[in-house]
Amino acid sequence: MKTRSHREQDTEAMDRLLLKRIADGDRDALATLYYNYHERLCEFLYRLTRHAEIIDEVINECFWVVWQKASEFRQASPVSISILGIAYRAGLKALHRRGAELIDGDCFTQDLTPAPNAGKHCQLRDRITHGLARLTADQRLVFELVYGAGHSLDDIATITGIPLCTVKARLLQAKASLRHVLPFLAGD
């Protein structure tokens, strides 16, 4: 089990206090929570869709839910995980309403040929981008939440509402697929 730093504990305590104030009808507390999470939610939702208007819509819908249900937040999950879960479900609903789907690999497959003078870092980034493009949207989401955003598997299961065993399976599938495309990551 991952232990939380003092900073994470302080942030959680502040988030809980803001939720209590929001439950009491404090709009300034909602604005503060919105400001604290806006950038993080943009980055998170960018993993679902590249459409800025959908991302904005989902963030607004997420905080509308926070406003309405602030008193119902569970103590078992950190506030940040609960907010990401609300955003994830709202994102899936928004994509469904618009007839869109989760990002598929094709959006990553622009010109992946590195520039002639590109350094090793750029070449590595391009190869990783190419490898991620081969994953399914579900595999890529789990992979990016673990390695890009640093979430635990338990947190991802809570955020997405899928069983932990499914999260683990998607991560293992993603790693296996990336090992074939990016053998240097496996030490080959």
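The values are calculated or read from the model by the stated rules, or taken from the named source; none is laboratory data. Predicted model only: the values in this text are computed from it and were never measured. We place every Cβ from the backbone using ideal geometry, glycine too, and count neighbours over all the protein chains shown.
Below are the figures for this structure:
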item: Test: residue in segment 29-51 that is exposed (fewer than 14 other Cβ atoms within 10 Å of the Cβ), more than 18 Å from the chain's Cα centre (by Cα) and not aliphatic (A, V, I, L, M); result: no
item: Residue in segment 50-72 that is within 21 Å of Tyr147 (Cβ to Cβ), of a type in the set (D, E, K, R) and in contact (Cβ under 8 Å) with a residue 12 or more places away in the chain present; result: yes
item: Of the criteria (1) under 19 Å from Asp138 (Cα atoms); (2) crowded, with 20+ Cβ neighbours inside 10 Å, which one Phe63 fails; result: (1)
item: Selection count where residues are surrounded by fewer than 20 Cβ atoms within 10 Å (Cβ to Cβ), more than 13 Å from Ile81 (Cβ to Cβ) and among the small types (Gly, Ala, Ser), scope segment 127-168; result: 3
item: Residues of segment 80-94 that turn out to be among the β-branched types (Val, Ile, Thr) and buried (at least 24 other Cβ atoms within 10 Å of the Cβ), as a count; result: 1
item: Filter result for Ala13 (free of Cβ contacts under 8 Å to residues at least 12 places away in the same chain and small (Gly, Ala, Ser)); result: yes
item: Given (1) touching a Leu at 6+ places or on another chain (Cβ under 7 Å); (2) more than 23 Å from Asp155 (Cα to Cα); (3) buried (at least 18 other Cβ atoms within 10 Å of the Cβ), number of the condition Leu18 does not satisfy; result: (2)
item: Count of segment 84-140 residues which are at pLDDT 80 or above, in a helix (DSSP H, G or I) and among the charged types (D, E, K, R); result: 5
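Residue-by-condition table, conditions (1) at pLDDT below 85; (2) in contact with a Phe, Trp or Tyr (Cβ under 9 Å, 6 or more places away or on another chain); (3) of a type outside the set (Gly, Ala, Ser):
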site: Ala157; (1), (2), (3): no, no, no
site: Pro163; (1), (2), (3): no, no, yes
site: Thr166; (1), (2), (3): no, no, yes
site: Ala176; (1), (2), (3): no, no, no
site: Leu182; (1), (2), (3): yes, no, yes
site: Leu185; (1), (2), (3): yes, no, yes
